[in-house]
Amino acid sequence: MFVVQCGLISEGQTEQRDLVYNPASRPQQSTSRTLHPQTQHQHQQRHQQSIMSFQEPAPPVRNLTGTLAVNAHQLLDEHDQPGVFFIFQDLSVRIEGTYRLRFLFIDLSAGEPLTMSARVLHEAVSDPFTVFTAKTFPGMTGQDSRQLLPIFSAYHTCRAALC
């Protein structure tokens, strides 16, 4: 039985990016300040202290979501030629950045039954790709989409008034 497992790695192929820490959950260094106006001047005269938060960082979050391991499917390609395909239909990356996908071709039947191990027969890495937020996606930030807004708005107004 053959499966392909997918993972997310950095553009330079040096770091795993499947799980990441939410930057908002990391301890932050802050400058202490007083809330009392009468002591504020005294406080400013003293050296300002940097305080490191000792909060426990939140657990890592999954950056690559979806089905990360799939079985082989015998299908016909676009030229009606039979082939074996591994279809990752619902992959999604949560955090913007530039990444690569790492695919491991695994033979589950070639592993050691007592240790439940499997053998990786081949590894492939994708070309780099960029993940954007919805607000920074190039198709949404250009002039083209802004030019359509008044047209669609006018169409909606006209339909609502039944013109």
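Of all residues in segment 74-110 being surrounded by 11 or more Cβ atoms within 10 Å (Cβ to Cβ) and acidic (Asp, Glu), which is farthest from the chain's Cα centre (by Cα)?
Among residues in segment 74-110 that are surrounded by 11 or more Cβ atoms within 10 Å (Cβ to Cβ) and acidic (Asp, Glu), the one farthest from the chain's Cα centre (by Cα) is 107.
How many residues does segment 123-143 contain that are over 13 Å from the mean Cα position of the chain (by Cα) and over 18 Å from residue 73 (Cβ atoms)? I'd like the intermediate steps shown before the answer.
Taking segment 123-143 and keeping what is over 13 Å from the mean Cα position of the chain (by Cα), we get 123-128, 135-143.
If we keep only those that are over 18 Å from residue 73 (Cβ atoms) too, we end up with 123, 125-128, 135-143.
Adding up the residues that qualify gives 14.
Yes or no: segment 34-56 includes at least one residue that is part of a strand (DSSP E or B), aliphatic (A, V, I, L, M) and modelled with pLDDT under 65. If you could, list the steps in order and put the result at the bottom.
Within segment 34-56, the first condition is being part of a strand (DSSP E or B), and the residues that meet it are 50-52.
Going one step further and asking which of them are aliphatic (A, V, I, L, M), we end up with 51-52.
Restricting the remaining residues to those that are modelled with pLDDT under 65 gives 51-52.
Checked against the condition, which is being part of a strand (DSSP E or B), aliphatic (A, V, I, L, M) and modelled with pLDDT under 65, segment 34-56 yields at least one hit.
So which strands (runs of 3 or more DSSP E) stay within segment 69-157 end to end and still have 3 or more residues that are at pLDDT 85 or above and over 22 Å from residue 18 (Cβ atoms)? Walk me through how you get there before you give the answer.
On the way: elements: 69-71, 73-76, 82-85, 97-107, 119-125, 129-131.
Where strands (runs of 3 or more DSSP E) fall fully within segment 69-157 and carry at least 3 residues being at pLDDT 85 or above and over 22 Å from residue 18 (Cβ atoms), they are 73-76, 82-85.
The values are calculated or read from the model by the stated rules, or taken from the named source; none is laboratory data. Predicted model only: the values in this text are computed from it and were never measured. Note that each Cβ is placed from the backbone with ideal geometry, even for glycine, and that neighbours are counted across all protein chains shown.
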